[in-house]
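What follows is a short report on a single structure.
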Amino acid sequence: MNKTKHTRRFTVLINYISIVVILVLFYLVRFLGSSPMFLIFEIIPLITVVLSFRHAFVKTGIWKMTHASYEKLDEREMQVVFKAISISYSLFAITTLVIIYIFILSGLGQIDAVLAVCLLYIAHILPASIIAWNEKV
Amino acid sequence: MRKERGLSRKELAEKIGVNFQTVGYLEREEYNPSLDLAFRICECFDLPIEFIFSTKPMKPLSEELLNLKRGV
């Protein structure tokens, strides 16, 4: 594996880990009754999300590729994007369903705004993440 | 073949209407072009399709020349 791909995979991982950290911190405050001041620490993973997003998706042009209209893509790019979208569709559907079931079965109640925003963000970056992980862009 | 014609990846990509990265994928045999793209490439190099694409691995040019000389 070349160094660029290795670095890109690493930044994709950092991006997802940061999202998980944001959620963990939020739920620590909500359910364990930690001080709301604890939420200040959310800034660190939030900055990491922004930086890793920029490095893994924006700088590489993957974000542009997954959000471009199909007329602007060539046949290979179209194939890559379609494949990534179909994989991410099933991945996202399964992940969301699992989360909903966990919330229902554990009595956590409804999905809150923070989790919804994180899921919305993941829905957007998932095709780009699959391309960043697999392709030599 | 591209280098023989003194073309950069970007120049060839513009001529055949693809992204320059796709040219790299084609050259590394990591992507099989559609029939339409294959014909556009052939038109660009002004060569018949069997000179550029083959389902079998291409023989070295020296071997091809030797066969041609021997009339094989």
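A short reminder: the numbers here are calculations on the coordinates, not readings from a lab. Predicted, not measured: the structure shown is a model, and the values here were computed from it. Ideal geometry is used to build each Cβ from the backbone, glycine not excepted, and the neighbour counts take in all protein chains shown.
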- Query: Can you sort A:Ser129, A:Ser18 so the residue with the fewest Cβ neighbours within 10 Å comes first?
  - Reply: A:Ser18, A:Ser129
- Query: Using a Cα distance threshold of under 21 Å, what count of lysine pairs results for chain A when pairs must be 8 or more residues apart or interchain?
  - Reply: 14
- Straight-line reach check, B:Lys3, cutoff 17 Å on alpha carbons, 8 or more apart in-chain or any other chain, hits among lysines -> B:Lys15
- Averaging sequence separations of C-alpha pairs under 8 Å and six or more residues apart, then dividing by the length of the stretch A:13-57, give the relative contact order as a whole percent. 52
- Note on the structure: Under the rule rounded for a/c under 1.5, else prolate if a/b exceeds b/c, else oblate, using alpha carbon gyration tensor axes a ≥ b ≥ c, chain B is classed as prolate
- With springs only between Cα atoms under 10 Å apart, run a GNM on chain B and tell me which of B:Phe51, B:Phe20, B:Phe39 wobbles the most. B:Phe51
- Task: For chain B, calculate the relative contact order in percent as a whole number, restricting contacts to Cα pairs under 8 Å that are 6 or more residues apart.
- Result: 16
- If you put +1 on each Lys and Arg Cβ and -1 on each Asp and Glu Cβ, how big is the dipole of chain A around its Cα centre, in Debye rounded to 20? 460
- Item | Sorted by Cβ neighbour density within 10 Å, fewest at the top, the residues B:Ile41, A:Ile131 | B:Ile41, A:Ile131
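I need A:Tyr27, B:Tyr25 ordered by Cβ neighbour count within 10 Å, fewest first.
In increasing order of surrounding Cβ atoms, one gets A:Tyr27, B:Tyr25.
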- Residue among A:Leu126, A:Leu28, A:Gln110 farthest towards the positive dipole end of chain A, charges placed on Cβ: A:Leu126
- The Rg/Rh figure for chain A, Cα atoms and Kirkwood Rh, to two decimals is 1.03
- Query: Tell me, what HN-Hα J-couplings in whole Hz come from the Karplus equation 6.51 cos²θ - 1.76 cosθ + 1.60 at θ = phi - 60° for each residue of the stretch A:81-98, using x for Gly and Pro?
  - Reply: 5, 4, 4, 5, 5, 5, 5, 5, 4, 5, 4, 5, 4, 5, 4, 5, 4, 4
- Note on the structure: The alpha-carbon center of the stretch A:66-120 and that of the stretch A:3-51 are separated, in whole Å, by 19
- Which Cα, out of B:Thr22, B:Pro57, B:Cys42, lies furthest along the positive dipole direction of the stretch B:9-70 (beta carbon charges, K/R +1, D/E -1)? B:Pro57
- Query: Cα centroid distance between the stretch A:123-137 and the stretch B:1-57, in Å?
  - Reply: 26
- Nearest 10 degrees, 0 to 90: helix A:113-134 Cα axis against chain A principal axis: 30
- Exposed-loop-free span, longest in chain A, where trypsin sites (Lys or Arg not before Pro) count as exposed if DSSP calls them loop and at most 13 other C-beta atoms lie within 10 Å: A:60-135
